[in-house]
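Heads up: the structure comes next, in structure tokens.
What follows is calculated from the coordinates using simple rules that are stated; it is not laboratory data. Treat the numbers as computed from the prediction; the structure is a model and nothing was measured. Cβ coordinates were reconstructed from backbone atoms using ideal geometry, including for glycine residues, and neighbour counts include every protein chain displayed.
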Amino acid sequence: MYVQNNSRRPLARRPLGLGVTPAPIIILVLILVTLVAVEPGWAAPAVHLQFIVSGLTGPLDFQSPRDGTGRFFIVEQAGTIRIVKGKKVLAPAFLDISSIIVSGGETGLLGLAFHPQYKSNGRFFLNYTRRVSGQLQTAIAEYHVSPTNPNLADPNSGKVLLSFDQPFDNHKGGQLAFGLDGFLYIGTGDGGSGGDPLGNGQKLTTLLGKMLRIDVNSGSPYAIPPDNPFVGVGGAKGEIWAYGFRNPWRFSFDKTSKRLFVGDVGQDAWEEVDILTKGGNFGWNIMEGNHCYPPGSNCNKTGLIPPIGEYSHSEGIAVIGGYVYRGAGIPVLKGLYVFGDFGSGQVWTLQETQPGTWTRAPLLSTGINISAFGRAGNNELYVLDYNGTLYKLVAN
């Protein structure tokens, strides 16, 4: 297993080449069949990865505009967005902003969100890192599709809506997504280094280590929803929806349960999955998972919301948040939260066996560096390998 230093995160190594190709998958299936034959008590996993395309470079995010075209948009860390249609990567890139961003390690083009009315208004939003007068920043920007070509964005349409300084080069979070309420949610890391030395996770005076919520349909350049929990609180940033995060790497909304699930990358010992609540404090850097931080210390957990699931670094090193499965292709996963780990390539499920009680179970060992899960318009799930390959999660 790949081992990180004390600033563990999902993007700590560069790609070594393309991901797993179809031939190794066939070999894996043959091995599984052999195991079933020689070990009567052994059960094959309920799902496997179906190869879709390779040739991507440092893919970090998968988004569907849900516009009826069947296209998938893949964010590449160095600053490009590629379109996958059918089983082909279209050329040229949908957008290339590599000249205006800082990329490498945990920086780069980190997230994409299509406006809920993208089909009619062509608006989409990006989360990326840049330098301004030498200062590293996170920028949230709005772009528009080309008025003449749906497979190209207008590179001159970019407008930065929100930016904030970053004290270190790691822990940027990076995802942004529209909630069921129509507002844009933005996950931010604690700003980096190890152990959150500036205490950003617990400070309401900074946007770092938070889940933000803004209104991009009003205001200039945006409005703060009046029901955000810290609006009017002295010194607090009104954009904050929830706090106490280290490095939220991928979050998703479940329309059925109306819950927001977040995978928050841990420090040295524990990875966690949270369900967010308005104004909630999710513990970092007082807690890492269910445990006091630093390890062995005595901490006051009053008011801190524990995760619904955690696992130790004996099983993985960087959680990759996923989705509650609502597709039709894999009935055994219906209603289960599917997520994984970058370092071990393991995929698990979380099931609410009784109200407030969640049970984690192994689903699949992939052998890849999972960088993100994706959800298509039909609610089927896809998996990105940071080494350049896109897969679909399918039933055996």
Relative to the present Cα-Cα distance, how much length would full extension add between Ser314 and Asn151 at 0.36 nm per residue of separation?
54.4 nm
Most positive-pole-ward Cα, Pro155, Leu176, Ala395, against dipole of the chain from beta carbon charges
Pro155
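With the contact rule set at Cα under 8 Å and sequence spacing of 6 or more, what percent relative contact order holds for the chain?
Details: 1065 pairs, mean separation 66.5, N = 396.
About 17 percent, as a whole number.
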Give Lys87/Lys258; Lys210/Lys258; Lys172/Lys255 a once-over and call out the pairs whose C-alpha atoms are over 28 Å from each other.
Lys87/Lys258
Contact order normalised by length for segment 283-352, with contacts defined as Cα pairs under 8 Å and 6 or more residues apart; what percent is it?
22 percent
Computed FRET efficiency, Cβ-Cβ of Asn121 and Val231, R0 30 Å: what is it to the nearest 0.05?
0.65
With +1 on each Lys and Arg Cβ and -1 on each Asp and Glu Cβ, and nothing else charged, work out how big the dipole of segment 74-129 is about its Cα centre, in Debye to the nearest 20.
400 debye
State the Cα centre-to-centre distance between segment 316-352 and segment 103-160 in whole Å.
28 Å
Please report, in debye to the nearest 20, how large the charge dipole of the chain is about its Cα centre when each Lys and Arg carries +1 at its beta carbon and each Asp and Glu carries -1 there.
780 debye
For Asn379, put the label point 7 Å out on the Cα→Cβ axis and report which residues of segment 171-205 keep their amide N under 17 Å from it.
180
With a Cα-only, solvent-free Debye model of the chain, what are the log10 I(q)/I(0) values at q = 0.07, 0.10 Å⁻¹?
-0.29, -0.61
Simple Cβ-charge dipole of segment 230-337, Lys/Arg +1 and Asp/Glu -1, about Cα centre, in debye nearest 20:
560 debye
Förster radius 56 Å - calculated FRET efficiency between Ser193 and Val332 (Cβ-Cβ, nearest 0.05)
0.85
Taking the Cα atoms of segment 194-326, report the difference between the largest and smallest coordinate on each principal axis, in whole Å and largest first.
47, 39, 23
Asserting the computed 222 nm helical MRE of the chain (DSSP H runs at least 4 long, -39500 (n - 2.57) per run, divided by residue count, to nearest 500) equals -1500 deg cm²/dmol
